[in-house]
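Below: one structure, written as structure tokens.
The values are calculated or read from the model by the stated rules, or taken from the named source; none is laboratory data. Please read all numbers here as calculations on a predicted model, not as lab measurements. For neighbour counting, all protein chains shown are included, and Cβ atoms are generated from backbone atoms with ideal geometry for every residue, glycine included.
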């Protein structure tokens, strides 16, 4: 009671509080008849997805109560490839948790590196005898089906690694395709020039060269920027869009002109270029629907559906191109030019690939660069290191030489 | 015991006739009264207990019993059946006979009080001329059962509880009796029926306004109520049980049916003390001061009733008793337990002087008036 209050007021206040609560609704939940919504991370029981378990024993060893019992045997798996090595694999025979010992600390779930152990909100597994609380893997697997899906991410949260990876992969693929297409066009234009005898061919090549200088399709660029894409990506896509448009224009022109050779050249180049021109926002609706139905998050579904669309479009265009070239050769035209056109972009592509990946084959495993070796020895490095570095230097030089050669050709 | 009272103590038999005195034989009214008292003793405390469960639950945002019977009304019956089934444990060091008898010694006086408690016009087993004296004397015997239980358990917590109970019951007996004496002085009789009648006829000095004794003796009523709570060892005066200090006080070693007897004693005590307060201060079965009961004649319009009037009177009495029980439960929920020294201090330094003052004022007023 506050010292200033007259005596007895505190007593009356106490009576007032209790009588007020008499007329309020009891907060009891009539449990067996009503059930509460449990928190998503409720620690009811530990569930096991035994298909994820590799019998690494981490859970069993980390358990402070030693209440996880694991038994397993090794099995030999035949080699996947002919002539390969046979592998051994652990097969889970028994996985039991004694819930009469378990103190629900959740360390086993934390340490499990393969997501085999989960918290399930199930809690109604009391028994009349303690032995009944020892549950084997069949029962633990049943509980795994009651594990709720993880709660949705917060607004603006960083997406999970697998989703962002999938998106990044698709975008990288597309950029690569765009770069490839540019190279292909260059390559297509380059051999054309020496062989070029008609003004139309030059006309066809000219805008492509122009494109390379940095022309972009402003409309596409603006749209992509508006969609929140990075400037770099928008620029590259806009470039691709520009190329596509130009191609279409040229093709239309060529068709209008009706020149045999030009006609043969343009469609042959076009399919390759078409690979780039997959629209930015297009997705494969079928794939998208299927993934959504499977319960995948929307972003992942969209990314995968995009990838699927690109793949399909490529396949379709390639098929078209093949039928086109088939027609071209069948049309009794001078066979040299189309075949040359068909072959040279591919070669250029290969060269590009090689350059990119640095995958030049070099012979002579033991060769070293004597100059580098001597220098390193002089610097006081050990012979082993000097030899290794000199070897690497030799390989590097050789590769460079080979690339230069190819470029020259 | 009943036999003893009805035959041996004949000089104290009072004026009012019980409705149970039917026929000329001796045995039929005796059996009727036996059934009446035992029925009251085994039913009304259970109602009070149910009320306590429910009210305490709701005040603590719970529901109280809900499963046993409709709305959990049979919960205490179920508890009783459970207690009967339980093993009757007696500590090996206990004084076995005393240990076994103690709950009965506590229980029987609580039962005996029902003998004279008037619930309506003629609705009582016996109207003793020394009714008030008899009630106070009988209820004082209960402390003996508590002391016996505490000592015989051979357990220091039980002994503490028993001694605390002894000290507490003695300390609060005094203000309780002094407050009751003031009522007897004002009514001019010790008969409980006589006190009800006196209240119905009591007028405010020089006017025609009927008043219950709770108005002129509001101090006495407050003293009686607090002392009754302490006599019953009800919170906030439950130091003899003190479950956070003494395990369960004198009941620590008791289980099964013996424990149930102690519990029944407590609930019966709540009912009899409430009934006594209704008779002494709240006008008995009178609905409101100055309002005669329909179907009744006689003093204050409360006697010589027909069946409807009698029934209404009983309903009114039970309503008042349960209201007082409710207040007891309310206080239990609201207040924490007092300390042992605070308890004794309140009894001797506050309650006794106030009760003496109350008695002096009433006596002087009675003489002057």
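Yes/no per residue for (1) under 17 Å from residue B:237 (Cα atoms); (2) in a helix (DSSP H, G or I):
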| residue | (1), (2) |
| --- | --- |
| B:267 | yes, yes |
| B:276 | no, yes |
| B:288 | no, no |
| B:315 | no, yes |
| B:318 | no, yes |
| B:328 | yes, yes |
| B:347 | yes, yes |
| B:360 | no, yes |
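Take residue A:26 and decide whether it is touching a helix residue (DSSP H, G or I) at 6+ places or on another chain (Cβ under 7 Å) and either at pLDDT below 90 or part of a loop (DSSP other than H, G, I, E, B) (or both).
For residue A:26, the condition - touching a helix residue (DSSP H, G or I) at 6+ places or on another chain (Cβ under 7 Å) and either at pLDDT below 90 or part of a loop (DSSP other than H, G, I, E, B) (or both) - is met.
Between A:17, A:91, which is within 14 Å of chain B (Cβ to nearest Cβ), more than 30 Å from residue A:123 (Cβ to Cβ), surrounded by 10 or more Cβ atoms within 10 Å (Cβ to Cβ) and without any contact (Cβ under 8 Å) to a residue 60 or more places away in the chain?
Of the residues listed, the single one that is within 14 Å of chain B (Cβ to nearest Cβ), more than 30 Å from residue A:123 (Cβ to Cβ), surrounded by 10 or more Cβ atoms within 10 Å (Cβ to Cβ) and without any contact (Cβ under 8 Å) to a residue 60 or more places away in the chain is A:17.
Looking at region B:209-216, is at least one residue buried (at least 23 other Cβ atoms within 10 Å of the Cβ) and either farther than 19 Å from residue B:335 by Cβ or in contact with a helix residue (DSSP H, G or I) (Cβ under 9 Å, 6 or more places away or on another chain) (or both)?
Yes, region B:209-216 has at least one match.
Of these, A:41, A:35, which one is away from chain B (no Cβ under 14 Å), touching a residue at least 40 places away in the same chain (Cβ under 8 Å) and not in a helix (DSSP H, G or I)?
A:41
Just to be sure before I move on: is residue B:82 within 14 Å of chain A (Cβ to nearest Cβ) and either modelled with pLDDT of 90 or more or in contact with a strand residue (DSSP E or B) (Cβ under 8 Å, 6 or more places away or on another chain) (or both) in the structure I sent?
No, not satisfied.
Take the residues in region B:332-345 that are in a loop (DSSP other than H, G, I, E, B) and within 14 Å of chain A (Cβ to nearest Cβ), then tell me which one is nearest to residue B:171 (Cα to Cα).
My answer is B:338.
Are any residues in region A:143-166 touching a residue at least 24 places away in the same chain (Cβ under 8 Å) and part of a helix (DSSP H, G or I), and if so, which ones?
A:143, A:144, A:162, A:163, A:166
Mind telling me which of the residues A:314, A:272 ends up being at pLDDT below 70, surrounded by 14 or more Cβ atoms within 10 Å (Cβ to Cβ) and either on the phi > 0 side of the Ramachandran plot or touching a helix residue (DSSP H, G or I) at 6+ places or on another chain (Cβ under 7 Å) (or both)?
Result of the check over A:314, A:272: A:272.
Looking at (1) farther than 28 Å from residue B:76 by Cβ; (2) at pLDDT 85 or above; (3) not in a loop (DSSP other than H, G, I, E, B), find the lone condition where residue B:259 falls short.
Here residue B:259 clears every test but (1).
Could you please give the count of residues in region B:54-78 that are surrounded by 17 or more Cβ atoms within 10 Å (Cβ to Cβ) and away from chain A (no Cβ under 13 Å)?
Number satisfying all stated conditions: 3.
Has region A:65-87 got at least one residue that is modelled with pLDDT of 90 or more and out of contact with any strand residue (DSSP E or B) (no Cβ under 7 Å at 6 or more places or on another chain)?
Yes - at least one qualifying residue is present in region A:65-87.
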